[in-house]
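The next block holds one structure in the form of structure tokens; read it before the comments.
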Amino acid sequence: MASGVKPRVKVPKTAAAGDIITIKTLISHKMESGQRKGDDGNLIPRSIINRFTADFNGQNVIDVTVEPAVSTNPYFEFEAMVPEAGEFKFTWYDDDGSVYETAKKIAIG
Amino acid sequence: MKTLKVLVSTACFVGMAVSTHAEESAALSIDGQEFTIQTAAPAHAENLDEVTSGWIYRAKETQALQLDDFDNPGFVFVDQAIDLWNEVEGSEGKACASCHEDVGQFAGLRTTLPRVEDGKVVTMEDLVNTCRTDHMGAEPWKYSGSQIIAMTALIGLQSRGMPMNVAIDGEAAEFWEQGRELYYTRVGQLDMACSNCHEDNYDTMIRADHLSQGQTNGFPTYRLKNAKLNSTHARFKGCMKNIRAEPYKVGGEEFKSLELYIASRGQGLSVETPSVRN
């Protein structure tokens, strides 16, 4: 697991049924591109978040393929419609096989 | 003829673009909290009428990043510092949290630093490292290393919105005078002093960069340039390299005195830690 990885998510606590809400996510990650050389002159192997997904009550909302040109600490902001109370689940997939997860509940009201 | 016309109109446009003025900036407010970004200069900053936060001189997009704590990338490092705060280290088996519990108790500390104690300038980095060596039995963190910068951001954040108010009288006077001396001393191959840019020429463009007054109220500051938090001393070093001078030692006496002097020039400005700059 890459060091210092910490997901952050901002989801409103409540929304009216059928509302479209804005979700902001950020994960602290080096996003080593695989293009750089280390002190020894050898390439530093690529280590990035290659996929990001968000699900709401088991239904996929967004599925992003991430490429090496994306900057360090990748930030995604997107909109989602909330038909009912439930839970957003966010997942980031690391090149090294690690999976980082976080979830946020949202209530109707 | 037509070409000439185009040239003239382009020139006008450029002229307009360059005269970005401080007054055009909106007020800085985060989560309903208002910040003082412009105020009358303290009497000891004799060549300034008013002091202004560096936030004013940044592009709208950069300014916007600081308006929301989620959008502010500096908070990634604040989060890391919260983990460090609770991490037990050293021979005493203690974490910061073992003695201090809530970091909120440090509200106001950032506004009074650096301060002079027992004939020495003490910065927040010094306070953190003294705790680590004397109370935790741990190795001190590297001055201006990523861990200590994150920690000073977390502690500084507790004072966010409070006005800078460092002591410059009594024991501090001698160090303040030293810092003042450094501020006005020309150094390096370009033969420039801090004052040449940050006092004589703030709010003008130095090539592509909009010069600020070089205030320290937002430090540690997240810079888009290097995508991390930057300490005051690292910034001083960067400035000195820009004027082709041999930088003083990070964490050394010179920079600490300079830090005290520059902090005093920003008396009254709100602490913005962690601010966002370019």
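Some points to look at:
- For residues of A:72-82, the mean tally of beta carbons on other chains within 10 Å: 1
- Measuring against 21 Å, Cα to Cα, the residue pairs B:K94/B:K249; B:K60/B:K237; A:K89/B:K225; B:K120/B:K256; A:K37/B:K237; A:K6/A:K30 contain B:K94/B:K249; B:K60/B:K237; A:K89/B:K225; A:K37/B:K237 as the ones spanning a longer distance.
- Both numbers refer to the Cα atoms of chain B; Rg and Dmax are 20.0, 81 Å.
- Likely footprinting exposure, B:W55, A:W92, fewest C-beta neighbours within 10 Å first: A:W92, B:W55
- Scattering profile of chain A at q = 0.13, 0.14, 0.16, 0.19 Å⁻¹ [log10 I(q)/I(0), Debye over alpha-carbon scatterers]: -0.52, -0.58, -0.71, -0.92
- Cβ-Cβ FRET estimate between A:K10 and A:R46, R0 fixed at 41 Å, reported to 0.05: 0.90
- Principal-axis tilt of helix B:173-184 within chain B, Cα atoms, nearest 10 degrees: 30 degrees
- Each peptide in B:221-227, B:29-35 gets a packing score, the mean of other Cβ atoms within 10 Å over its residues, and the list from highest to lowest is B:221-227, B:29-35.
- Rg over Rh, two decimals, the protein assembly as shown (C-alpha only, Kirkwood Rh): 1.01
- Placing +1 on the Cβ of every Lys and Arg and -1 on the Cβ of every Asp and Glu, with nothing else charged, gives the range A:6-108 a dipole about its Cα centre of roughly 340 debye.
- Peptide-level mean, for A:27-33, of C-beta atoms on other protein chains within 10 Å: 1
- The listed peptides B:174-181, B:56-63, B:97-104, ordered by packing as a protection proxy, come out as B:174-181, B:56-63, B:97-104 (highest mean of other Cβ atoms within 10 Å first).
Every read-out reported here was derived from the displayed coordinates using simple, explicitly stated rules and does not represent laboratory data. Everything numeric in this text was worked out from a predicted model, so none of it was measured. Please note: Cβ atoms are built from the backbone with ideal geometry, for glycine as well, and neighbour counts cover all protein chains shown.
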